[in-house]
Structures are given as structure tokens and as C-alpha cells.
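K.L.:
Okay, handing you the structure first.
The values are calculated or read from the model by the stated rules, or taken from the named source; none is laboratory data. Keep in mind the model is a prediction, meaning the values are calculated, not measured. Virtual Cβ from ideal backbone geometry, glycine too; neighbours counted across all protein chains shown. The protein model used for the area step is the full one, side chains on, heavy atoms only, and it has no ligands, DNA or RNA in it. Shrake-Rupley method; radii C 1.70, N 1.55, O 1.52, S 1.80 Å.
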Amino acid sequence: MQKKKFDVLVAGELNIDLILDKLDQFPVIGKEIMAAEMIYTLGSSSAIFASNLSTLGASVNYCGCIGNDSFGDKIINDLAAKNVTTSNIIRSKTSGTGITVAFNFNQDRAMVTYPGAMNELKQNDITDDMLKQAQHLHVSSVFLQPALKPGLIDLFKRAKQFGLTTSLDPQWDPAEKWDCDWKNLLLFVDVFLPNIEELKNITQKTNLPGAVDAIKDFANLIVAKNSTEGAIAFYKNEVVEQPAFINHDFADAIGAGDSFNAGFIRQFIRDKSLKQCAELGAVCGAINTTQKGGTAAFKDFETVKKIAKEKFNYTLQ
Ligand SMILES: Nc1ncnc2c1ncn2[C@@H]1O[C@H](COP(=O)(O)OP(=O)(O)O)[C@@H](O)[C@H]1O
Ligand SMILES: [Mg+2]
């Protein structure tokens, strides 16, 4: 097969994360309080996936929607710094760039999100030309993208018509309705990457075997992520149980699922076995948790290779 311009096209949400850490008390109406630390960083599941997949050596093109503002500039700069192609990112004329502000106090956290331009990406923005230039399509965060959601089946159908392989991470539904035509969507999704709670909610089952049973007739490869328990992959009659790698330097788990996806898809597009896909997924999930946020541990390929070997005894090739 002729090599495509990009290994992976990511179509998805983009936002800034502003994390206010070490508050002197939890926010109170009518009062001003102080935060001892502040982190201003690239957020969003799709962007963490794209950024870390690019660091792992895949060529990645991104289609998403941001505002015409300095937050949008930061997103473009951060993705470009990781070699993600940003020329198909759309600047909205009406909305600002999406942002999540998180307030951390001890073990508790409150978050406020302004979705802004994330509300605007629609399936027609992802053109046939973009699809034709890629070997694989990845979409994440079904419920954070109200304009994209109604066209998801058509988008995945088009991708399959052009010969791409595809993957989808549904992520959490903040409305907890889980409303989507899964039956018709998953037919066109080669790799479905929910976490176990998302999978149980989507199928309205209380346990994993029941959940897998409920979708296996129309889903293809199902990968259920389960935090420190690792992940289980189901494909036809094959089941791969992948334990998590034990991390003695835990910082936080923000983005672990997205980094797992990046490791998994990096191997998947190289035609590796299910075990090899799941294993690099778990290694990348664990690497992600060694530093705060979703991309800090994925500085460059050599750094990732070093962490993989030294901390998890895994040889990244
Ligand atoms: N604390 C941790 N230590 C080691 N690996 C982890 C840890 N947390 C997550 N992982 C790895 O990352 C993967 C994805 O994390 P998970 O929390 O299940 O995803 P999501 O963020 O989508 O809920 C897990 O399957 C596991 O392999
Ligand atoms: Mg997730």
C-alpha cells in the first residue's frame, strides 16, 4: 500500500487547562482566596493523544476548532512544538478558545469549563482530502462535541470508505445520559477505547463481561481501560489481559487514558499483535503518571524510551 502523508488524523476537541493548585481554602462565594501554584497547559483528551502519539514517532495531522485569541495561539504552538501538523485547525469567528479552570484543594477539586469553539467542530469540517491523506482516524470525547456528535457515523463511514483504520475513545458524558447510536457507530470503529466505567454506562450493564457481551456483535476490537488494574482487550474470541505497570513515582493520572491510547494506536498502525498494542498502551499510561499533566513525561522519543526502560523495564523500539 502506498504510504500516506500522515499516519493519523485526529479530529477533536481542543482546550486550555488552567490549574490553580494549593489553594489556602476552597473557593467561597464573595471572597478572594489565594493559590500557591498555577499550571497553564495544553488540555483536552484529543490533543494529549495527538501530542504523545507524535512523540512516539507517528506523523499526526489535527483538525479541531479554537478561537482567534492567545489561548488558541498557545494550543497551536504547543502542538507544533511536538511536530503535530496544525494547518487544518479552524479559528472560530464567533467563539473563544475553550478553557477548563480547575481549583485543587487537598484531595478535592472543582472544575469549570467554558467550551467555546469546542462546540463548533462538525463532521463536514473534516474534509475528504484530510481523510484521504491519513492511514488512521482517531476521535475522542463524543459528549464534549455537540456539533460533531450527530455526524460521527457519517465521519467514520467516510473514513472506512477511504480505506482508513479508525479508533474512538468515548470519554465521560458530563450529562450522564450516554445517548449515542452506538450500534451503528461502532460498526465503523476498528478500535473502541473506553474505560471500564464508560463501557458499563454505555451498555447499561453492571459488570465487564455483561458490557462486552452487549456490544460484541457490532463492535470490533474493544479495549477496556481500568486504571491501576491495567486493561483488557477483546477481539473476536481473543482476550488479552494487560496488567498495569507499577509506578513508584506517581504524580497524577491526568491524561493516562489518552497516553494509553497513543501507545496502543502507535503499535496498531504498525500492524503489531494485540498483546504488543496493549503492552505499549499500558507502558505509556504508566509513563504519563510519572509527571503532572498529560504531556510532560512525553518530552521527546529518547526521553520516553529512557523512562520506559529505567522505570518499567520495557524496550521501546
Ligand atoms: N497509577 C497508575 N500506574 C500505572 N499505570 C497506570 C496508572 N493509572 C493508569 N495507568 C495506565 O493507564 C491506563 C489508562 O488509565 P485509565 O485511568 O484507566 O484511563 P482513563 O483516563 O481513560 O480513565 C490504564 O489501563 C493503565 O495501564
Ligand atoms: Mg479516558
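K.L.:
Condition check: at pLDDT 95 or above and of a type in the set (A, V, I, L, M, F, W, C). Does Ala278 satisfy that?
P.N.:
yes
K.L.:
Consider Cys65 against the criteria (1) open to solvent by less than 20 Å² (accessible area, probe 1.4 Å); (2) out of contact with any Leu (no Cβ under 6 Å at 6 or more places or on another chain): it satisfies all of them except one. Which criterion is unmet?
P.N.:
Failing condition for Cys65: (2).
K.L.:
Give Leu186, Leu168 a once-over and let me know the one that is more than 15 Å from ligand 2 (Cβ to nearest atom) and open to solvent by less than 10 Å² (accessible area, probe 1.4 Å).
P.N.:
Step by step, each of Leu186, Leu168 is checked, and only Leu186 is more than 15 Å from ligand 2 (Cβ to nearest atom) and open to solvent by less than 10 Å² (accessible area, probe 1.4 Å).
K.L.:
Which residue is nearest to Ile90 (Cα to Cα), if the candidates are limited to the range 106-126 and must be in contact (Cβ under 8 Å) with a residue 60 or more places away in the chain and β-branched (Val, Ile, Thr)?
P.N.:
Per the stated criteria, the residue is Ile126.
K.L.:
All but one of (1) assigned to a helix (DSSP H, G or I); (2) more than 14 Å from ligand 2 (Cβ to nearest atom); (3) without any contact (Cβ under 8 Å) to a residue 60 or more places away in the chain; (4) out of contact with any Phe, Trp or Tyr (no Cβ under 8 Å at 6 or more places or on another chain) hold for Lys157; state the number of the condition that does not hold.
P.N.:
Only one criterion is unmet by Lys157, namely (4).
K.L.:
Right, here's the next one. Which residues, taken from the range 108-140, are in a loop (DSSP other than H, G, I, E, B) and either open to solvent by less than 60 Å² (accessible area, probe 1.4 Å) or in contact with a Ser or Thr (Cβ under 7 Å, 6 or more places away or on another chain) (or both)?
P.N.:
Pro115, Glu120, Leu121, Ile126, Thr127
K.L.:
Now for a different question. Given (1) aliphatic (A, V, I, L, M); (2) over 30 Å from Gln317 (Cβ atoms); (3) away from ligand 1 (no atom under 14 Å from the Cβ), where does Leu208 come up short, assuming only one miss?
P.N.:
Going through (1) aliphatic (A, V, I, L, M); (2) over 30 Å from Gln317 (Cβ atoms); (3) away from ligand 1 (no atom under 14 Å from the Cβ) one by one, Leu208 breaks only (3).
K.L.:
So Leu9 passes all but one of these: (1) within 17 Å of the chain's Cα centre (by Cα); (2) open to solvent by 20 Å² or more (accessible area, probe 1.4 Å). Which condition number does it fail?
P.N.:
Every listed condition holds for Leu9 apart from (2).
K.L.:
I'm checking my understanding of the structure. Among residues of the range 240-264 that are in contact with a Phe, Trp or Tyr (Cβ under 8 Å, 6 or more places away or on another chain) and within 14 Å of ligand 2 (Cβ to nearest atom), which one is farthest from Ser227 (Cα to Cα)?
P.N.:
Only one residue tops the list, namely Ala262.
K.L.:
Within the range 192-212, which residues are more than 14 Å from ligand 2 (Cβ to nearest atom), within 22 Å of Cys277 (Cβ to Cβ) and either assigned to a loop (DSSP other than H, G, I, E, B) or open to solvent by less than 40 Å² (accessible area, probe 1.4 Å) (or both)?
P.N.:
Leu208, Ala211, Val212
K.L.:
Hey, which of the strands (runs of 3 or more DSSP E) in the range 21-83, taking only ones fully inside, have at least 2 residues that are of a type in the set (Val, Ile, Thr), over 23 Å from the mean Cα position of the chain (by Cα) and at pLDDT 95 or above?
P.N.:
Filter on the range 21-83 gives an empty set.
K.L.:
Looking at the range 213-244, which of its residues are away from ligand 1 (no atom under 15 Å from the Cβ), in a strand (DSSP E or B) and acidic (Asp, Glu)?
P.N.:
Glu238
K.L.:
Which of the residues spanning the range 136-167 are under 18 Å from the mean Cα position of the chain (by Cα) and not aliphatic (A, V, I, L, M)?
P.N.:
His136, His138, Ser140, Ser141, Phe143, Gln145, Pro146, Lys149, Phe156, Thr165, Thr166, Ser167 - these are the residues of the range 136-167 that are under 18 Å from the mean Cα position of the chain (by Cα) and not aliphatic (A, V, I, L, M).
K.L.:
Give me the pairs: first residue in the range 255-276 and open to solvent by 50 Å² or more (accessible area, probe 1.4 Å), second residue among the basic types (Lys, Arg) and away from ligand 2 (no atom under 12 Å from the Cβ), beta-carbon distance under 9 Å, and six or more apart or on different chains, which are they?
P.N.:
Going by the 9 Å Cβ cut-off, the qualifying pairs are Lys272/Arg266; Gln276/Arg270.
K.L.:
Out of Ile232, Ile246, Ile215, Ile222, report the one residue that is open to solvent by 50 Å² or more (accessible area, probe 1.4 Å) and β-branched (Val, Ile, Thr).
P.N.:
Ile246
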